[in-house]
1. Evaluate the following for Thr154: is it within 19 Å of the chain's Cα centre (by Cα), more than 14 Å from Gly293 (Cβ to Cβ), of a type in the set (S, T, N, Q) and surrounded by 15 or more Cβ atoms within 10 Å (Cβ to Cβ)?
2. Looking at (1) surrounded by 18 or more Cβ atoms within 10 Å (Cβ to Cβ); (2) part of a loop (DSSP other than H, G, I, E, B); (3) among the aliphatic types (A, V, I, L, M), which is the only condition Val213 fails?
3. I need a count of the residues in segment 139-156 that are touching a strand residue (DSSP E or B) at 6+ places or on another chain (Cβ under 6 Å) and over 19 Å from Lys106 (Cα atoms).
4. Identify, from the list Asp171, Asp176, the residue that is part of a helix (DSSP H, G or I), modelled with pLDDT of 95 or more and not small (Gly, Ala, Ser).
5. Which one of the conditions (1) loosely packed, with under 13 Cβ neighbours inside 10 Å; (2) touching a Ser or Thr at 6+ places or on another chain (Cβ under 8 Å); (3) in a helix (DSSP H, G or I) does His229 fail to meet, given that it meets all the rest?
6. Please determine whether any residue of segment 211-231 is modelled with pLDDT of 95 or more and β-branched (Val, Ile, Thr).
7. Can you tell me which residue within segment 193-205, out of those that are part of a loop (DSSP other than H, G, I, E, B) and polar (S, T, N, Q), is farthest from the chain's Cα centre (by Cα)?
8. Being under 17 Å from the mean Cα position of the chain (by Cα), over 15 Å from His274 (Cβ atoms), modelled with pLDDT under 95 and not in a strand (DSSP E or B) narrows it down to one residue among Ser208, Ser149, Ser145; which is it?
Amino acid sequence: MSCEPLPERQDGLPDALEAASQRPFSGVSFENLNTPSADNHVLILTMINPSTVRYLADFFKTVRKLDHPNLSMAVLIINPGPTTVHAVRQHIEHTRIAFPVKLYVKTYEDSIMSYILTPGKETVYELQPLRRAAIARARNFLLQSALESKHQYTLWLDPLLAWFPSTLVQDLIAVDEDIVVPNTMIQRDGNEWGHDKRNWQETELSISLSKEVPEDFIFMEGWLEFTTHRFLMIDMTEMENKVPLDGIGSTCILTRASVHREGINFPAFPFRHHIDTEGFAKAAAAAGYTVYGLPAYRIYHTGIPDNGLHEDNL
């Protein structure tokens, strides 16, 4: 008995198979990721804990004024109290934000993580590596939960920001870089001061210093306990053009979503001596993405002491 192969069709697929390939599949959708949408849909990401709630009314009012046409928002509530979620919902509904807002809740049973995220621990220098690692874990949890295929950008906003322009989203997108941060300042007694010290450039001295510390040593910018010898963007306010950065803070970050989709997130472990947002900038640069800051583009923080999730090392 012999088996002979069927003759190949020269005109493509058999008729029945070709017809089947044209029919829609029930329950199966198709999206061509090679042709991203041109609507620049931006996902706003914010993390809060119970001690932040009393400041949210002003924050959501400022967010509501953003006039970019394609926005959605995801809020992660960490270790909520009995009334925290209800209070956050009340603020959002009262503000009447015009775009979709989704709330996520995450309770960390880990006693160490709960301890280091407790308000008051943010001023203890020795706890900062653990604290920033915990925040990075929470940040990644929110990002991976909320990011959808329609999103072209993510915009991290600190809920203690006091003011940013309604054109913030368009302005940062127009810079046309993979990662962009504005300069976060505070106003006190009629004077302007730098706030987010984690936006910085390396210097020859800081690079040399990084070669002299153990591999798992983590640099923490903005602390008197350790001088890093870097150029801080808060000291570059007279520079009108964008500047390349080696580290970034968390008060406001615009990122192309493709950066995250290709695996660059917020390290909860030392990456080139940095974690969280500073480690993110280092990892993004190592992968070939661009990281830039806008020294002359100011936004303003409340200057309220840090509550465990936000930047405030003045």
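The values are calculated or read from the model by the stated rules, or taken from the named source; none is laboratory data. Just so you know, these numbers come straight off a predicted model, no measurement behind them. No Cβ is skipped: glycine too gets one built from the backbone with ideal geometry, and neighbour counts run over all protein chains shown.
1. Here the answer is yes, as Thr154 does meet what is asked.
2. With (1) surrounded by 18 or more Cβ atoms within 10 Å (Cβ to Cβ); (2) part of a loop (DSSP other than H, G, I, E, B); (3) among the aliphatic types (A, V, I, L, M) applied to Val213, the lone miss is (1).
3. The number of residues fulfilling the criteria is 4.
4. The match here is Asp171.
5. Here His229 clears every test but (3).
6. no
7. Thr203
8. On inspection, the qualifying residue turns out to be Ser149.
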